[in-house]
Each structure stands twice: as C-alpha cells, then as structure tokens.
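The values are calculated or read from the model by the stated rules, or taken from the named source; none is laboratory data. All of these numbers come straight from a predicted model, not from anything done at the bench. In this analysis, Cβ positions are derived from the backbone assuming ideal geometry, glycine residues included, and neighbour counts consider all displayed protein chains. The protein model used for the area step is the full one, side chains on, heavy atoms only, and it has no ligands, DNA or RNA in it. Shrake-Rupley method; radii C 1.70, N 1.55, O 1.52, S 1.80 Å.
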Amino acid sequence: VANGGYDHHLRGLRKSFAKQLHQLSEAVAEAFPEGTRIARPSGGFVLWVELPESVSALMLHEQALSRKISIAPGPMFSAKQNFQNCIRLSGGHPWSDSLARAIRTLGGIAKRMA
C-alpha cells in the first residue's frame, strides 16, 4: 500500500472492467431486439438492460437458466415488482467466446419474445 502497488492494482482492475463492460454493451446492442436500452450504473461493473415492454424479464430468466446462462431479472430489484422488462448483466467476467455466445443466445431469446 505504501509504495502505490494497491492503487496500481485498482487502476488495472478499473481498466479491465471498463473494457469488459464496453465489449458487453456492444454485444448486447448487436444481439438484442430493437428498442433495447442499455445503462451503466456508476460505481460498479454491471449493465442495466431495458428490453421492449413485451419481453418478460422473469420468463427470459427462466429460459436463460435452462441454457445455463445466468442473468438477474429486474423485478428482484424492486419490492413492488417493477422493472418487469429489465435485466442486469454482470461485466465482471473476462470477455470470451463463451460469453459472446451466451449474449447472442440471450439476445435471440429476447428477440423471439419481443
């Protein structure tokens, strides 16, 4: 800590997360249905994805899980079950072909639901 190693480590992590979030954002924009909106909450490494209103985040979650894809459906972030058409995606994993395939699969499911 005294010699700056910790700060250097944190800068590297922030840079990695920023790159991963950029790659994830690009993949979502390409694979998800028209009308999808992406927000990046400050202070974290997640994306908040608002899908067209016809897409149920809970149904998308179920279909994703059946394909071993984990997402966080929006209603779990609301005591009143708001955000029915929103999901949260983690950008905390290094970008990979497997992750790219998962996003394309998730986008295909969402497009069929839209």
Seminar exercise, completed: Spelling it out for Gly91: with amide H atoms placed in the peptide plane at 1.01 Å from N, the residues 5 or more places away or on another chain with amide H under 5 Å from its amide H are Val46, Leu47
Seminar exercise, completed: Magnitude of the Cβ-charge dipole (Lys and Arg +1, Asp and Glu -1) of the chain about the Cα centre, nearest 20 debye, reported as 180
Problem set entry | Heavy-atom surface of the chain, accessible at 1.4 Å and reported per residue (Å²) | 64
Exercise. Can you work out ³J(HN,Hα) from phi for every residue in the range 58-72, in order, using Karplus 6.51 cos²θ - 1.76 cosθ + 1.60 and θ = phi - 60°, giving whole Hz and x for Gly and Pro?
Worked result: 5, 5, 4, 4, 4, 5, 5, 4, 5, 10, 6, 10, 9, 9, 10
For this session: Enumerate the residues in the range 6-46 having an amide nitrogen under 12 Å from the point lying 7 Å beyond the Cα of Phe77 toward its Cβ.
Result: 38-46
Exercise. Say R0 is 22 Å: what FRET efficiency, to the nearest 0.05, do Thr105 and His22 get from their beta-carbon distance?
Worked result: 0.60
For this session: Among Ala27, Gly43, Gly5, flag the residue with its Cα farthest along the positive direction of the charge dipole of the chain, charges on Cβ as +1 for Lys/Arg and -1 for Asp/Glu.
Result: Gly5
For this session: Would you kindly derive the ³J(HN,Hα) couplings of the range 14-26 from the backbone phi angles with the Karplus curve 6.51 cos²θ - 1.76 cosθ + 1.60 (θ = phi - 60°), listing them in order in whole Hz, with x for Gly and Pro?
Result: 4, 5, 5, 5, 4, 5, 4, 5, 4, 4, 5, 4, 4
For this session: Tabulate in residue order the Karplus-calculated ³J(HN,Hα) for the range 91-106, using 6.51 cos²θ - 1.76 cosθ + 1.60 with θ = phi - 60°, rounded to whole Hz; enter x for Gly and Pro.
Result: x, x, 9, x, 5, 8, 4, 4, 5, 4, 4, 4, 5, 5, 5, 4
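Let me check I've understood the local charge: for Pro41, count other residues with C-beta under 14 angstrom from its C-beta, Lys and Arg +1, Asp and Glu -1. What total comes out?
Numbers: positive: Arg37, Arg40, Arg88; negative: Glu50.
Spelling it out: positives minus negatives among the neighbours equals +2.
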Exercise. Per the 1.4 Å probe, what fraction of the accessible area of the chain, in percent, lies on carbon and sulfur atoms?
Worked result: 52
